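Novice: Structure in structure tokens, see below.
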Amino acid sequence: MSSHAFSFLFIAFLALTLIVRFWLASRHIRHVMQHRAAVPAEFAEKIPLAAHQKAADYTVARTKLGIVGMLVSGAVLVGFTLLGGLQWLSVTVFNATGGGMAYQLGLVVAFGVVSGLLDLPLDYYRQFTLEERFGFNKMSKRLFFFDLVKGVGLGAALGLPLVWVILVLMEKSGSLWWLYAWFVWCGFQLLVMALYPNLIAPLFNKFTPLADESLKQRIEGLMARVGFASKGLFVMDGSKRSAHGNAYFSGFGAAKRIVFYDTLVSSLAPQEVEAVLAHELGHFKLKHIVKRIVVMFALSLGFLALLGYLKTQLWFYTGLGVNPIIVPGQSNDALALILFMLALPVFTFLFGPLTSLSSRKHEFEADAFAAKHTDARDLVSALVKMYEDNASTLTPDPLHSAFYDSHPPASVRIRQLNLAISQ
């Protein structure tokens, strides 16, 4: 393929992606606003009109901000590639470092810093304007920037050694480097999953053992019924950042721990908390977590194999506006990594509904599991409260939802549970 042909292909896919994303967002806004005036019939006795309209307004505001973010990210992408931003950054870092591995790691760091700074204004606006307007922001500006510093530090501590190993493999291990890198990548992902509950998560939140003895006994009874062993039950101080609530479990083997947001525990009745946890345990017992990990690893193997081919093709670099540095002994592997990361979403966006379809299937299965091991009516009432508390729209555009939502729409999900109740 020639560089001009690849440039044209990249521009065509980028334009198509932006057009589809804008069209989906516009559909979503119109659909939500058309149904703003009245609560859907199946929720009329459970959700006040004011809460329904707040959810509609929140959804529209988030979607409009998403359109702005889409346009900004599109402009940044073109700036980095076809307009020469990454080329300039590469030459600047090369001149500063003199080449070698210092240049490659320096380029990755410089790209990460520039990208983070470009993302910061929208992230700040989202937290302190949009979330604040709808009453969800509980984070101080000091905590926002403190989290940012900790996140950057953690990313550097974990990410830079990984990038260094990958770059060394790309340079030193021959044509099958991508296979060796895949093993390293999989091991890294599993290591992070193992370290997250006890070492990573406590850097950002405080976890205290569940103090409500009656709720604790109810949950332990559920775990005994479904055969789930846990290292402990914890409540996380999510309310210091957001009013949104959730529950999850993390870790492997005997180190698995169950975590509830404090906002969830305070807003739901004990039997509703039990039903929500039963749904999460359903994901574990039905092997959804393992299946997702397997799919993630399989996709990463395919993408690394593709990168193994592309990094040897001059048109891949020049077609995206970058001229590799031609110096004896100098590798351009960092350039290849960054360009691949920038270009891949452009060519894969239209496959999004396939991922959502699989995730929705798992959600239905987890709901059915919860209905089997707890009272389905408790899960329905919990979901209604969570939709209301999180201002999640009850009337999403179906096509927008198919592209973006990992969970089925509220009406479909609750309809399925009501069928289980009636049987």
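Just so it is clear, none of the values below were taken in a lab; they were calculated from the coordinates. Note that the coordinates shown come from a computational prediction; the quantities given were computed from them, not determined experimentally. Heads up, the Cβs are rebuilt from the backbone with ideal geometry, glycines too, and the neighbour counts pull from every protein chain shown.
Novice: Please rank Val294, Val93, fewest neighbouring Cβ atoms within 10 Å first, as an exposure proxy.
Specialist: Lowest count first: Val294, Val93.
Novice: What shape does the stretch 260-371 take by its C-alpha gyration tensor, where a ≥ b ≥ c are the square roots of the eigenvalues and a/c under 1.5 counts as rounded, a/b above b/c as prolate, and the rest as oblate?
Specialist: Cα axes put the stretch 260-371 in the prolate bin.
Novice: Along its principal axes, what span do the Cα atoms of the stretch 371-423 show, with the longest given first and each in whole Å?
Specialist: Result for the stretch 371-423: principal-axis Cα extents of 31, 23, 15 Å.
Novice: One-quarter of the Cα convex hull surface for the stretch 192-247, in nm²?
Specialist: Its Cα hull, projected and averaged over all orientations, spans 4.7 nm².
Novice: What's the angle, to the nearest 10 degrees (0 to 90), between helix 410-422's Cα axis and the longest principal axis of the chain?
Specialist: So the inclination is approximately 40 degrees.
Novice: On a straight-distance basis, which aspartates and glutamates could pair with Lys206 in a cross-link, Cα separation under 20 angstrom, same-chain partners fewer than 8 positions away excluded?
Specialist: List returned: Asp147, Asp237, Asp262.
Novice: Whole Å is fine, so just give me how far the alpha carbon centre of the stretch 321-344 lies from that of the stretch 245-316.
Specialist: Taking the Cα centre of each part, the stretch 321-344 and the stretch 245-316 sit 32 Å apart.
Novice: Please give every one of the lysines within straight-line cross-link reach of Lys311, meaning a C-alpha to C-alpha distance under 19 Å, and leave out same-chain neighbours fewer than 8 residues apart.
Specialist: Lys172
Novice: Can I ask one more? Mind listing the long-range amide H neighbours of Gly321? Cut-off is under 5 Å, sequence gap 5 or more, other chains count too, H placed in the peptide plane at 1.01 Å from N.
Specialist: Those qualifying (amide H under 5 Å, at least 5 residues apart or on another chain) number zero.
Novice: Take the Cα pairs of the stretch 7-119, get the Kirkwood Rh, then feed it into Stokes-Einstein at 20 °C and 1.002 mPa s and tell me D in µm²/s.
Specialist: 122
Novice: Can you tell which of Ala402, Ala75, Ala51 shows the greatest fluctuation in a Gaussian network model of the chain with Cα springs below 10 Å?
Specialist: Result: Ala75 has the largest fluctuation of those listed.
Novice: Here are some pairs, Lys141/Lys231; Lys150/Lys240; Lys285/Lys372; Lys150/Lys385; which of them have Cα atoms lying more than 23 Å apart in this structure?
Specialist: Distance filter (> 23 Å) returns Lys141/Lys231; Lys150/Lys385.
Novice: Please list the three semi-axes, largest first and in whole Å, of the ellipsoid equivalent to the stretch 140-264, using sqrt of 5 times the eigenvalues of its alpha carbon gyration tensor.
Specialist: Square roots of five times the eigenvalues give 35, 22, 9 Å.
Novice: Something else about it: So what's the back-of-envelope 222 nm ellipticity for the chain, counting only DSSP H runs of four-plus at -39500 (n - 2.57) apiece and dividing by all residues, rounded to 500?
Specialist: -23000 deg cm²/dmol
Novice: Looking at the stretch 255-312, I'd like the Rg to Rh ratio, where Rg is from alpha-carbon atoms and Rh is Kirkwood's inverse mean 1/r.
Specialist: 1.29
Novice: Cα extents of the chain along the three principal axes, largest first, in whole Å?
Specialist: Largest first, the chain extends 71, 49, 43 Å along its Cα principal axes.
Novice: Another question, then. Treating the beta-carbon of each Lys and Arg as +1 and of each Asp and Glu as -1, no other charges, what is the dipole magnitude of the chain about its Cα centre, to the nearest 20 debye?
Specialist: Approximately 100 debye in magnitude.
Novice: Right, here's the next one. How many percent of the alpha carbon pairs in the stretch 150-210 exceed a separation of 12 Å?
Specialist: 72
Novice: Let me ask something else. Classify the stretch 55-167 as rounded, prolate or oblate from the Cα gyration tensor: take a ≥ b ≥ c as the square roots of its eigenvalues, call it rounded if a/c is under 1.5, otherwise prolate when a/b beats b/c and oblate if not.
Specialist: oblate
Novice: Give, in nm to one decimal, the length gained when the segment between Ile19 and Lys285 is fully stretched (0.36 nm per residue of separation minus the Cα-Cα distance).
Specialist: Gain on extension, Ile19 to Lys285, equals 91.7 nm.
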